[in-house]
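Heads up, the thing below is written out as structure tokens.
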Amino acid sequence: MPTNKPAAQPAAKKKPQVTPSPERRRELLDTAAEVFAAQGYNATTVRKIADAAGMLAGSLYYHFDSKESMLDEILSAFLTELWDGYDAVLAAGLGPRETIEALVTESFREIDRHRAAVAIYQKESRTLSAQPRFHYLSDSQVKFEKAWLGTLERGVAAKVFRADLDIRLTYRFVRDTVWVAASWYRPGGQHSPDEIARQYLSMVLDGIALRPT
């Protein structure tokens, strides 16, 4: 005997998956970087980042799976760009003084482009580098130190810099006085990154350069 079968229901249409635009993702990372820099990584929550971005916390998870992922992307982007610039300088075959000048200038340019990321790196890198996901921070620090110490040693050997310099102390002074600028520098201010670098170099290099006798 024939049976009455219920009419087949039309298959539910799947909602098209919308990929967040790269521009929006960049905006959210910039916002997260400012919050991390101001409040510290541990004190920052996804809700705080979402509030700063003017969105619900749940909506932020549509773009990133965790605040750790956001921080990872912020720091890795900064260091990738930094090393693109540094590697170009180190491969250019410049003399020791010119290499220092170029490294300092590139550093101030990176502060201009990634001020918040620099501030985060300064505050958090020692703690974060103990985590496997952020071990590249330690690797970058070793590479950074090698580049600067090697250039200073080359300058002393070439009699461009004074022979009585404590190389490691000089490196620490130059490193700290350059990167601390992230605490006060604001993009779009009175002086460009290159102008600040020139002023800085005129003070530092006259102190470490070998004086004519």
For Phe161, the residues 5 or more places away or on another chain with a placed amide H closer than 5 Å to its own amide H are Val156, Leu210
Fewest first, what order do Ile49, Ile120 take by the number of other Cβ atoms within 10 Å?
Ile49, Ile120
How big is the gap, in Å, between the Cα center of the range 168-186 and the Cα center of the range 64-98?
17
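Take every Cα pair under 8 Å in the range 71-208 that's 6+ residues apart, average their separations, divide by the length, and report that relative contact order as a whole percent. Before the final figure, lay out each step's value.
Details: 98 pairs, mean separation 47.7, N = 138.
It comes to 35 percent, rounded to a whole number.
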When a/c is below 1.5 the answer is rounded, else prolate if a/b is larger than b/c, else oblate, so apply that to the range 100-196 with a ≥ b ≥ c taken from the square roots of the Cα gyration tensor eigenvalues.
oblate
For the range 100-112, in residue order, the Karplus 3J(HN,Hα) values (coefficients 6.51, -1.76, 1.60; θ = phi - 60°; whole Hz; Gly and Pro = x) are 4, 4, 5, 5, 5, 4, 5, 5, 5, 5, 5, 4, 5
Mind putting a number on the dipole of the range 72-213 about its Cα centre? Charges go on the C-beta only, +1 for Lys and Arg and -1 for Asp and Glu, and I need it in Debye to the nearest 20.
380
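Computed from the coordinates by the stated procedures, all read-outs in this text should not be read as laboratory data. Bear in mind that the values here come from a model prediction, so they are computed numbers and not experimental data. Reconstructed Cβ throughout: ideal geometry from the backbone, glycine too, with neighbour counts over all protein chains shown.
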